[in-house]
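Heads up: the structure comes next, in structure tokens.
The values are calculated or read from the model by the stated rules, or taken from the named source; none is laboratory data. Note that this is a predicted model, so its numbers are computed, not measured. Neighbour counts run over all protein chains shown; Cβ positions are idealised from the backbone, glycine included. With ligands, DNA and RNA removed, areas are computed over all heavy atoms of the protein, side chains included. Shrake-Rupley method; radii C 1.70, N 1.55, O 1.52, S 1.80 Å.
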Amino acid sequence: MEVVTFRSSEVGAHGTGARLPPIDEQVISMKLVTPSKGTIELSREKDPDLFYLARCGLGGLGVVAEVTLQCVERHQLIEHTFVSSADEVKKNHKKWLSENKHIKYLWIPYTDTVVVVQCNPPSRWRTPKFTSKYGKDEAIQHVRDLYRESLKKYRTKAESNDPEVDQLSFTELRDRLLALDPLDKDHVIRINKAEAEYWKKSEGYRMGWSDEILGFDCGGQQSVSETCFPAGTLAKPNLKDLDYMEELLQLIEKEDIPAPAPIEQRWTARSRSPMSPASSSQEDDIFSWVGIIMYLPTSDARQRKEITEEFFNYRSMTQTNLWDGYSAYEHWAKIEVPKDKDELAELQVRLRKRFPVDEYNKARMELDPNKVLSNAKLEKLFPVTEAVQHAK
């Protein structure tokens with residue numbers, strides 16, 4: 001668990017609420033094994049500049065041998081899931097961001113459905129009703145029906161009578177539905193509408209331990225592009241996060257992108273790690289994180305290739321139309337290195353606008369002068385300038 005958590009820190013991944021920073025902010029000290037200086041100890045007190053740089057160091061500064069995380073005790077949360085609309089979200093967004101410890105929106109393309117998930121510690125003053133209007137079978141039955149009808153169209157009537165269908169979870173049904181025709185926009189829209197109805201019938205509360213509640217079944221294999229961009233402050237959100245989503249959903253419809261659901265949107269407080277996509281010197285700044293996806297629900301190599309190509313087309317359109325206008329940057333685990341030289345040069349310039357590339361490269365040269373820890377991705381994203389080499 002700790003290893004997975006720290007990998008999230010290394011790549012600058014997101015958190016779960018506008019008052020909570022990304023995971024790298026929970027790192028308060030570390031031991032870093034470096035090729036040139038051996039094992040060094042870093043903290044806010046011991047070489048703070050290098051400490052903050054190494055907290056999101058992408059593996060290029062040393063091997064983390066030991067890390068100290070600040071943690072909270074295991075605790076319970078009450079999750080409230082309900083369906084809203086874009087207009088209702090706009091009316092309540094500032095209030096929801098401020099009032100909820102954890103919050104996320106699940107946007108359903110080609111519908112006006114926004115699934116709102118709020119999680120907070122139990123209150124002794126207010127106990128919600130945990131009863132749901134629909135049972136689990138009732139909530140999912142229409143998705144089973146859609147799958148059976150789709151099987152008749154795409155496969156055989158005999159397959160549609162498979163009793164195994166009744167044992168599948170919602171995400172498993174969604175994967176199987178998408179596998180029938182993953183790039184047909186109308187088919188994807190039908191699935192999205194069925195998902196919107198599923199969430200409507202799944203509204204309600206549940207209580208559990210935080211690690212259980214904050215986990216999320218996002219389905220099977222998928223391609224993901226997740227961006228992070230500034231969204232004002234908690235006291236004064238600039239609503240750019242909602243503008244981004246409005247433009248993204250309009251782009252999907254305009255370009256007939258077979259975009260499946262959901263598009264997940266979350267928030268964090270700022271990070272003091274300069275290589276984090278959420279880095280900021282302003283304590284009150286908040287950031288929004290948006291992830292677009294396409295599922296890979298099939299083992300057929302040709303079909304997987306076609307889905308991957310369509311996904312990169314989808315990602316490219318969001319990059320061209322949205323990223324610069326919102327100062328949006330992918331977190332490091334999602335970033336792709338362009339094969340085209342001109343596109344790579346543009347990406348290098350863009351990264352320099354947001355991150356202290358020379359400072360990072362200087363630290364790399366000092367701690368790993370022979371590039372023992374380097375790899376093709378680091379070398380292409382962060383080419384070392386002559387000035388940095390001479391400064392070594």
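How many of the residues in region 337-379 are of a type in the set (A, V, I, L, M, F, W, C), part of a helix (DSSP H, G or I), out of contact with any strand residue (DSSP E or B) (no Cβ under 8 Å at 6 or more places or on another chain) and more than 26 Å from Thr320 (Cα to Cα)?
2
Suppose we keep only residues that are among the polar types (S, T, N, Q) and touching an Asp or Glu at 6+ places or on another chain (Cβ under 8 Å) within region 21-43. Which one would you say is nearest to Ser280 (Cα to Cα)?
Ser29
Glu203 - would you say it is touching a strand residue (DSSP E or B) at 6+ places or on another chain (Cβ under 6 Å), within 21 Å of Thr113 (Cα to Cα) and acidic (Asp, Glu)?
yes
Which of the residues that make up region 80-100 are touching a helix residue (DSSP H, G or I) at 6+ places or on another chain (Cβ under 8 Å) and open to solvent by 40 Å² or more (accessible area, probe 1.4 Å)?
Lys90
Of the conditions (1) more than 29 Å from Ala179 (Cβ to Cβ); (2) touching a Lys or Arg at 6+ places or on another chain (Cβ under 7 Å); (3) in contact (Cβ under 8 Å) with a residue 40 or more places away in the chain; (4) hydrophobic (A, V, I, L, M, F, W, C), Leu344 clears all except one; give me its number.
(3)
Can you confirm whether Lys353 is at positive phi and open to solvent by 30 Å² or more (accessible area, probe 1.4 Å)?
Against the criterion (at positive phi and open to solvent by 30 Å² or more (accessible area, probe 1.4 Å)), Lys353 does not qualify.
Could you please find all residues in region 32-79 being under 22 Å from the mean Cα position of the chain (by Cα), under 19 Å from Val357 (Cα atoms) and open to solvent by 20 Å² or more (accessible area, probe 1.4 Å)?
Correct list: Leu58, Gly59.
Could you grab me the full set of residues in region 177-196 that are in contact with a helix residue (DSSP H, G or I) (Cβ under 6 Å, 6 or more places away or on another chain) and charged (D, E, K, R)?
If the condition is that a residue be in contact with a helix residue (DSSP H, G or I) (Cβ under 6 Å, 6 or more places away or on another chain) and charged (D, E, K, R), then Asp181 is the only one that fits.
I'm trying to understand the selection: among the residues of region 179-224, which are within 19 Å of the chain's Cα centre (by Cα) and small (Gly, Ala, Ser)?
Ser210, Gly215, Gly219, Gly220, Ser223
Quick one: which residue in Ile140, Ile108, Ile103 is more than 21 Å from the chain's Cα centre (by Cα), aliphatic (A, V, I, L, M) and crowded, with 16+ Cβ neighbours inside 10 Å?
The match here is Ile140.
Filtering region 278-311 down to residues that are more than 16 Å from the chain's Cα centre (by Cα) and assigned to a strand (DSSP E or B), which residue is nearest to Lys95 (Cα to Cα)?
By that ranking, first place goes to Asp285.
Could you list, in sequence order, the residues of region 76-98 that are modelled with pLDDT under 95 and charged (D, E, K, R)?
Answer for region 76-98, where residues must be modelled with pLDDT under 95 and charged (D, E, K, R): just Glu79.
Got a sec? Which of Ile252, Ile307 is open to solvent by less than 30 Å² (accessible area, probe 1.4 Å), under 18 Å from Thr111 (Cβ atoms) and modelled with pLDDT of 95 or more?
Ile252
Can you name the residue in region 225-254 that is under 20 Å from the mean Cα position of the chain (by Cα) and small (Gly, Ala, Ser) and, of all such residues, is nearest to Val337 (Cα to Cα)?
Result: Ser225.
Read through the list (1) closer than 25 Å to Leu378 by Cα; (2) modelled with pLDDT of 95 or more, then give the number of the only condition that Ile23 fails.
Ile23 satisfies every listed condition except (2).
Run down Ala345, Ala328, Ala363 and say which single residue is among the aliphatic types (A, V, I, L, M) and open to solvent by 30 Å² or more (accessible area, probe 1.4 Å).
Going through Ala345, Ala328, Ala363 in turn, the sole match is Ala345.
Which one of these does Leu249 not meet: (1) in contact with a Pro (Cβ under 8 Å, 6 or more places away or on another chain); (2) without any contact (Cβ under 8 Å) to a residue 12 or more places away in the chain; (3) not aromatic (Phe, Trp, Tyr)?
Only one criterion is unmet by Leu249, namely (2).
Criterion first (crowded, with 16+ Cβ neighbours inside 10 Å, modelled with pLDDT under 95 and not polar (S, T, N, Q)) does Lys371 satisfy it? Talk me through it step by step, then tell me what you get.
On the way: crowded, with 16+ Cβ neighbours inside 10 Å: no; modelled with pLDDT under 95: yes; not polar (S, T, N, Q): yes.
Criteria not met by Lys371.
For region 186-212, how many residues are aliphatic (A, V, I, L, M) and in contact with a His (Cβ under 8 Å, 6 or more places away or on another chain)?
Total meeting the criteria: 1.
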